[in-house]
Amino acid sequence: MSSKRTGAEAVAAKGWFGAHRWLLARRLSQGVILALFLLGPLAAVWIVKGNLAYSLTLETLPLSDPYVLLQSLIAGNVPERLGLIGVLIVVVFYLLVGGRVYCAWVCPVNPVTDLAGWLRRRLAIKGSAHVSRSARYWLLAMTLALAGLTGTIAWELVNPVSMLHRGLIFGLGAGWTVVLAVFLFDLLVMSRGWCGHLCPVGAFYSLLGKWSPLRVTASRRAACNDCMDCFEVCPEPQVIRPALKGAGKGVGPVILAANCTNCGRCIDVCSKDVFTFGMRFDNRPENGTQTVPKTAADSN
Amino acid sequence: MPTANNHSSRARSPAANTQPLARRQFVLDSARLFCGVGLLGLGLAAYSKQARARPPLAIRPPGASAEDDFLGACIRCGMCVRDCPYNILELARPESPVATGTPYFTARTGPCEMCEDIPCVKACPTGALDHSLTDINASKMGLAVLADQETCLNFLGLRCDVCYRVCPLIDQAITLELRPNTRTGRHAMFIPTVHSERCTGCGKCEKACVTEEASIRVLPAKLVKGSLGEHYRLGWEEKSKAGGHSLVEDKGLIDLPDRLPEGMKLEGHFDPGSDPLPAGMPGNAPANVVPSLPPGLGGPGAPAGAPRGGSPSEAAR
């Protein structure tokens, strides 16, 4: 391994823009969503009202966060009609595109932890506290149990995700300390600590999108030159190996792990264009075993 | 292919050898996670208990359920904040003592303007603000209390009346009750008096109070509202309910002993210290009679010299 920068090969092969396409799209998505929320309070243009817990777009389209409403339900409260319609729309959306699309394309904490991850790589900070990646599911169970035991949505008192988003729109106050804590934790204590190990919001959405059809697939995995750049940039690198290296074990090329966030960084950073977005159904083990043109591998 | 096969077999064989070890590791890891998360949960539960103690001056929007239910229902979306035409509501920030992200207003700086269509309640997607509240005059956001009688100008004998005048339910939620001004001996005091069954807790009185610190304040009802007790009956109310017919006066109930200063005689009153016990009282009854019933209700007989003047209903007043 040389000391080259991660993604340098991709930039050389595809140009800077080609090697950052999905990253730019993602930042655009995060920015536009936040801007839509901010347009009301800052410029009095009320396209979207509310925040990620519940919002009303153009006074007609309700969108609600199924996780917080589930906690509310467990705490003993049934939402009103609009709240329920909002849950339905959001659940169907993430069932289709993948639950953790919320994490990579919507969540306002993602740029914070991505920045921490990027700095960690640039500053070559090694060493990371070891906590299982399944800790988030324990935390998820704890927040749901707590809602039932206390009869309140206890998690929302401290949830950094809603605290940041609500704070940006309604006034952050001391919420920035929590965001800073998450940033420093990811930078200095645990690599990809918050989003990749602990966040119960992400855990909830990963379960929601477990069977989603839209997936990243290593459709040209035979072309992989083992440069490891995808593992380096991936926030959930454990999801790549089965699909990328599974040809010999009869595993298909589609990344099926629920914790893939569909962020597309692996697509960007691969100089050999191994990865693409695809459908989970194109998952025959023989797919991607030979170096074939992308289009042929994709068609079923 | 051969390289891949080699790789997988190499990976599999040590795994097979160390399977009990792996299981042990899994159990240990799980236990560790369970403990860690459990501790976090305990901390969060304790914090959530703290967060239920809402500071008295933070008032929930109209239709808000009791604090415990509210914290289980409100998802902190801020729709009520957005739809309040007077911008009085805000979402609590993490450093505020109000539960993070929940809506509240402060009467002294911006009271509820009592919109007839109650847009904040309509905007709520969870029912944390009760959608069955359609009459803003029936809302119960809190209860106004004339908290400081030392500084209230009307209590000082002046005619300020501002709280009374600004009250959206003037003469119902706040009335002025006349009392003699004993300081001057010749004037009346107009005492602002809050009636809890009509007060909505909108806070306009607190906002309008002219004293430097508000003398009338809106506080959570459970903090200030007394309760008489189920068993209390007010004689004059019972009397009017019974069509002006007293429930006690003609029952010949016993007049209980009054303790008087030594040597003082009050006509018609019984002093156990100096008077002989009347017939039928415990201690003066025939030994074989148990005075289980009071005289007049089938007991041993009415006490001697219990006149109509000191009737019990009078004493209750």
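The values are calculated or read from the model by the stated rules, or taken from the named source; none is laboratory data. All of these numbers come straight from a predicted model, not from anything done at the bench. Every residue, glycine among them, receives a Cβ derived from its backbone with ideal geometry; neighbour counts consider all protein chains shown. Note: accessible area is taken over every heavy atom of the protein model, side chains too, but ligands, DNA and RNA are not part of it. Shrake-Rupley method; radii C 1.70, N 1.55, O 1.52, S 1.80 Å.
With the checklist (1) modelled with pLDDT of 90 or more; (2) under 19 Å from the mean Cα position of the chain (by Cα) in hand, flag the one item A:GLY99 doesn't pass.
With (1) modelled with pLDDT of 90 or more; (2) under 19 Å from the mean Cα position of the chain (by Cα) applied to A:GLY99, the lone miss is (1).
Pick from A:VAL78, A:VAL48, A:VAL11: which is at pLDDT 90 or above and among the β-branched types (Val, Ile, Thr)?
None of the others qualify; the one that does is A:VAL48.
Counting residues that are not aliphatic (A, V, I, L, M), which helices (runs of 4 or more DSSP H) fully inside region B:108-227 reach at least 2?
Passing ranges, in order: B:119-123, B:162-166, B:204-208.
Scan region A:161-179 for residues that are open to solvent by 50 Å² or more (accessible area, probe 1.4 Å) and within 10 Å of chain B (Cβ to nearest Cβ) and jot them down.
A:TRP176, A:THR177
Determine whether region B:66-82 contains at least one residue that is within 18 Å of the chain's Cα centre (by Cα) and not in a helix (DSSP H, G or I).
The answer is yes, given that some residue of region B:66-82 is within 18 Å of the chain's Cα centre (by Cα) and not in a helix (DSSP H, G or I).
Assess whether B:GLY78 counts as being at the interface with another protein chain (Cβ under 7 Å from one of its Cβ atoms), touching a residue at least 24 places away in the same chain (Cβ under 8 Å) and of a type outside the set (Lys, Arg). Reasoning before the result, please.
Working: at the interface with another protein chain (Cβ under 7 Å from one of its Cβ atoms): yes; touching a residue at least 24 places away in the same chain (Cβ under 8 Å): yes; of a type outside the set (Lys, Arg): yes.
Answer is yes for this residue.
Could you list all residues from region A:151-160 that are outside any loop (DSSP other than H, G, I, E, B) and either more than 7 Å from chain B (Cβ to nearest Cβ) or aromatic (Phe, Trp, Tyr) (or both)?
Matches in region A:151-160: A:TRP155, A:PRO160.
What do you reckon, is B:TYR86 assigned to a strand (DSSP E or B) and free of Cβ contacts under 8 Å to residues at least 60 places away in the same chain?
no
Do the conditions hold for A:CYS224, that is, is it within 14 Å of chain B (Cβ to nearest Cβ) and either free of Cβ contacts under 8 Å to residues at least 12 places away in the same chain or not β-branched (Val, Ile, Thr) (or both)?
Taking the combined requirement at face value, the residue satisfies it.
Going through region A:69-92 one residue at a time, which ones are in a helix (DSSP H, G or I), surrounded by 15 or more Cβ atoms within 10 Å (Cβ to Cβ) and facing chain B (nearest Cβ under 10 Å)?
A:LEU69, A:GLN71, A:SER72, A:LEU73, A:ILE74, A:LEU82, A:GLY83, A:LEU84, A:ILE85, A:GLY86, A:VAL87
Residues A:VAL189, A:VAL158, A:VAL182: which one is crowded, with 19+ Cβ neighbours inside 10 Å, among the aliphatic types (A, V, I, L, M) and assigned by TED's automatic domain parsing to the domain that holds A:TRP105?
When all the criteria are applied, what remains is A:VAL182.
Every residue in region A:180-211 that is in contact with a Ser or Thr (Cβ under 6 Å, 6 or more places away or on another chain) and more than 14 Å from every other protein chain (Cβ to nearest Cβ), please.
Result: A:ASP186, A:SER191, A:CYS195.
Within region B:136-177, track down each residue that is under 20 Å from B:GLY226 (Cβ atoms), open to solvent by 50 Å² or more (accessible area, probe 1.4 Å) and aliphatic (A, V, I, L, M).
B:ALA147
Among the residues of region A:196-215, is any aliphatic (A, V, I, L, M) and touching a strand residue (DSSP E or B) at 6+ places or on another chain (Cβ under 7 Å)? Explain how you work it out, then say what you get.
Step one: of region A:196-215, the residues aliphatic (A, V, I, L, M) are A:198, A:201, A:203, A:207-208, A:214.
Next cut, touching a strand residue (DSSP E or B) at 6+ places or on another chain (Cβ under 7 Å) only: A:214.
Yes: region A:196-215 contains one or more residues that are aliphatic (A, V, I, L, M) and touching a strand residue (DSSP E or B) at 6+ places or on another chain (Cβ under 7 Å).
Looking for something within 28 Å of A:LEU172 (Cβ to Cβ), open to solvent by less than 30 Å² (accessible area, probe 1.4 Å) and more than 11 Å from chain A (Cβ to nearest Cβ) - is there at least one such residue anywhere in region B:36-44?
No - not one qualifying residue is present in region B:36-44.
Those residues that are closer than 20 Å to A:VAL216 by Cβ and loosely packed, with under 13 Cβ neighbours inside 10 Å, I need them from region A:19-48; list them, please.
Those that are closer than 20 Å to A:VAL216 by Cβ and loosely packed, with under 13 Cβ neighbours inside 10 Å: A:LEU24, A:LEU28.
Given the condition of a type in the set (A, V, I, L, M) and farther than 22 Å from A:LEU140 by Cβ, answer yes or no: does some residue in region A:190-199 qualify?
Checking region A:190-199: not a single residue is of a type in the set (A, V, I, L, M) and farther than 22 Å from A:LEU140 by Cβ.
Here is a list of conditions, (1) open to solvent by 30 Å² or more (accessible area, probe 1.4 Å); (2) in contact with a Leu (Cβ under 8 Å, 6 or more places away or on another chain); (3) in a helix (DSSP H, G or I), and B:GLN25 meets all of them except one; can you say which number that is?
If we test B:GLN25 against (1) open to solvent by 30 Å² or more (accessible area, probe 1.4 Å); (2) in contact with a Leu (Cβ under 8 Å, 6 or more places away or on another chain); (3) in a helix (DSSP H, G or I), just (2) comes out false.
Looking at region B:65-72, is at least one residue open to solvent by 30 Å² or more (accessible area, probe 1.4 Å), farther than 18 Å from A:VAL68 by Cβ and within 12 Å of chain A (Cβ to nearest Cβ)?
Yes, that holds for at least one residue.
Between B:ALA92, B:ALA99, B:ALA51, which is modelled with pLDDT under 85, open to solvent by less than 30 Å² (accessible area, probe 1.4 Å) and within 11 Å of another protein chain (Cβ to nearest Cβ)?
B:ALA51
Please count how many residues of region A:127-150 are touching a residue at least 40 places away in the same chain (Cβ under 8 Å), over 20 Å from A:PRO237 (Cα atoms), open to solvent by less than 20 Å² (accessible area, probe 1.4 Å) and at the interface with chain B (Cβ under 7 Å from one of its Cβ atoms).
1
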